[in-house]
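A.B. asks: The structure under discussion is supplied below as structure tokens; questions concerning it will follow.
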Amino acid sequence: MRSITVVGASLAGLSTVRALRAEGYDGEIVVVGEERHTPYDRPPLSKGFLKGDIDVEELALGDADEYEVLDVQWLLGECAVRLDPVARTVTLAGGRHVRTEGVVIATGASPRTLPGTDGLAGVHTLRTLDDARALRAELLDGLPRVVVIGAGFIGAEVASTAHRLGLHVTVVEALPVPLERQLGREMGLVVSSLHSDHGVQLLCGTGVAELIGEDRVTGVRLADGRVLPADIVVAGVGVRPNTDWLAGSGVQVDDGVVCDSGCSTGIPGVVAVGDVARCPNPFTWRHARIEHWSNATEQAKTAARTLLTGVSVPAPLSAPYFWSDQYRSRIQVAGYVAPGAEPEVVEGDVDSRIFTAVYRREGTPVAVLSLNQPKFFNRLRRTLVPAAAAVAS
Ligand SMILES: Cc1cc2nc3c(=O)[nH]c(=O)nc-3n(C[C@H](O)[C@H](O)[C@H](O)COP(=O)(O)OP(=O)(O)OC[C@H]3O[C@@H](n4cnc5c(N)ncnc54)[C@H](O)[C@@H]3O)c2cc1C
């Protein structure tokens, strides 16, 4: 293989470029990225960067010296609109065709928006640096009343940051228990109580009927009729994978790019990696998109090997891992909270907000959750066993 095109110039794309070079590939690499920026780190966008503690330079994932060594042709501010695996071309929005032998799909995901809010000032989603800059400008401007819709991890981090900036924050969650899908009911309640611990109002079990405002948002009408006054609204209501550009390519798309455990799409020379890739996962016991920072970096090595060898090489077994920083607390989760897995606090206690819980299924540890106990967490995450093995045992 003498030419590879990576579509998506972010964590997964850059990590795959690094892995390709580390494997000894010395052919041409083109990286196509819709954003105008070279790859940057997204986790600080809802944390230190949003609060104004971190500058944009500190977000960079690579530097000029590394980029020189990686020897990549960057096509930034360019959107791929078509993949033709037979002709071996990636077509860009301007009509240019990039001829290539190998393709890495690393196009990540985009936030879902609230219907009918296009063009309404003061309404935000948060995925990109440009999103974060726009939201940060308004938060730092001191507009006092912030309503966050969605109490998932991104919504919770934005709420925490806005609260730390001294703003009045309300979080609205449609589900009765936030984070239930990720942490189960019991620990979802514990972790989401960080909001009320800090005086942030959390309204659960209610949807949003509409946003109020002519040119700029002034309030949020809830499904139960209540109206929350708002100067800024942030929607953290999930994402959808960026796969539209693959229509007609033959690449199988179903809530992401469907891959095997070696990141192969089944089309020779086409792999997928990061938030967009839906691979079989021994921990989730099914195909899953793992939207975590560490997954994007680890999967990249697998994708690079598969692309270069032409043989799908399964990823080494590793428990999914992510962290979240909220209200000066560090939340860490490893493994997968499978349905029926029960948490047991094995160190600390939930009231102090310093504890570690192990989730067991059929007696086998399948996930670990820690609040503010990183050392203990790291020790226990190594003991995790895939959900499939737990069921088999
Ligand atoms: C605000 C925020 C905070 C986060 N915090 C944490 C955290 O604390 N812990 C954690 O584990 N994870 C966190 N994450 C998740 C982590 O950042 C993601 O898992 C990671 O960014 C995934 O990388 P990716 O390269 O797969 O996708 P992305 O980072 O989404 O990058 C995909 C890139 O592809 C580009 N693209 C899309 N379509 C096209 C196209 N057709 N043509 C060209 N380019 C295209 C996009 O513009 C984008 O630049 C956070 C994410 C966000 C948004």
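What follows is calculated from the coordinates using simple rules that are stated; it is not laboratory data. Predicted model, so just to flag it, every value in this text is computed and none were measured. Backbone-built Cβ (ideal geometry, glycine too); neighbour counts: all protein chains shown.
A.B. asks: If you take the square roots of the eigenvalues of the alpha-carbon gyration tensor of region 1-149 and sort them as a ≥ b ≥ c, do you get rounded (a/c under 1.5), prolate (a/b over b/c) or oblate?
C.D. replies: Working: a/c = 3.10, a/b = 1.70, b/c = 1.83.
Oblate, because a/c is 1.5 or more while a/b does not exceed b/c.
A.B. asks: Taking the Cβ of R289 as the center, what net charge do the other residues with Cβ under 13 Å away carry, scoring Lys and Arg +1 and Asp and Glu -1?
C.D. replies: So the environment of R289 carries a net charge of -1.
A.B. asks: Would you mind ranking V56, V253 so that the residue whose beta carbon has the fewest other beta carbons within 10 Å leads the list? Walk me through the numbers on the way to the answer.
C.D. replies: Working: V56 13, V253 18.
Sorted ascending by nearby Cβ count, the order is V56, V253.
A.B. asks: Still on this structure: Around Y359, which amide H atoms from residues at least 5 apart in sequence, or from another chain, sit under 5 Å from its own amide H, with H modelled in the peptide plane?
C.D. replies: E344, V366, A367, V368, L369
A.B. asks: Sequence gap at least 6, Cα distance under 8 Å: using those rules, report the relative contact order of region 275-383 to the nearest whole percent.
C.D. replies: About 18 percent, as a whole number.
A.B. asks: Name the most mobile residue of A22, A288, A303, meaning the one with the largest mean-square fluctuation, in a Gaussian network model of the chain with Cα contacts below 10 Å.
C.D. replies: Highest fluctuation among the options: A22.
A.B. asks: Under 13 Å between alpha carbons, and skipping anything fewer than 8 positions from K301 in its own chain: which aspartates and glutamates qualify?
C.D. replies: Excluding near neighbours in sequence, the set is E23.
A.B. asks: Can you tell me which of 172-184, 338-350 comes out highest on packing, and rank the rest after it, using the mean Cβ neighbours within 10 Å?
C.D. replies: Per-residue mean Cβ counts within 10 Å order the peptides as 172-184, 338-350.
A.B. asks: What ranking do 189-198, 310-319 get when scored by the average of other Cβ atoms within 10 Å per residue, highest first?
C.D. replies: 189-198, 310-319
A.B. asks: Given region 252-393, what whole percent of its Cα pairs are spread farther than 26 Å? Don't jump to the answer; show the numbers that get you there.
C.D. replies: Numbers: 3047 of 10011 pairs.
Value for region 252-393 (Cα pairs over 26 Å): 30 percent.
A.B. asks: Using the C-alpha gyration tensor of the chain, what are the square roots of 5 times its eigenvalues, in whole angstrom, with the largest one first?
C.D. replies: Its equivalent ellipsoid spans semi-axes of 35, 28, 19 Å.
A.B. asks: Once a ≥ b ≥ c are taken as the square roots of the eigenvalues of the Cα gyration tensor of region 39-91, is the result rounded (a/c under 1.5), prolate (a/b larger than b/c) or oblate (a/b not larger than b/c)? All intermediate terms of the calculation are to be shown ahead of the outcome.
C.D. replies: Numbers: a/c = 4.00, a/b = 1.85, b/c = 2.16.
Cα axes put region 39-91 in the oblate bin.
A.B. asks: Kindly write out, for region 168-180 in residue order, the coupling ³J(HN,Hα) from the Karplus curve 6.51 cos²θ - 1.76 cosθ + 1.60 (θ = phi - 60°), rounded to whole Hz, with x marking Gly and Pro.
C.D. replies: So the Karplus estimates, Gly and Pro as x, are 8, 10, 10, 10, 10, 10, 5, 7, x, 10, x, 6, 4 Hz.
A.B. asks: Separate question: Nearest 0.05, what FRET efficiency do D349 and N378 give at R0 = 22 Å with Cβ-Cβ as r? It would help to have the intermediate numbers written out before the result.
C.D. replies: Working: r = 20 Å, r/R0 = 0.90.
Between D349 and N378 the formula returns 0.65.
A.B. asks: For a test of the definition: using alpha carbon positions, the gyration tensor, and the 1.5 limit on a/c, classify region 264-328 as rounded, prolate or oblate. All intermediate terms of the calculation are to be shown ahead of the outcome.
C.D. replies: Values: a/c = 2.37, a/b = 2.03, b/c = 1.17.
Verdict is prolate for region 264-328.
A.B. asks: Shifting gears a bit: For a footprinting-style exposure proxy, rank H97, H292, H37 by other Cβ within 10 Å, fewest first.
C.D. replies: H97, H37, H292
A.B. asks: Work out the charge dipole of the chain with +1 on the Cβ of Lys and Arg and -1 on the Cβ of Asp and Glu about the Cα centre, then indicate which of V69, A134, L384 is farthest towards its positive end.
C.D. replies: So the residue we want is L384.
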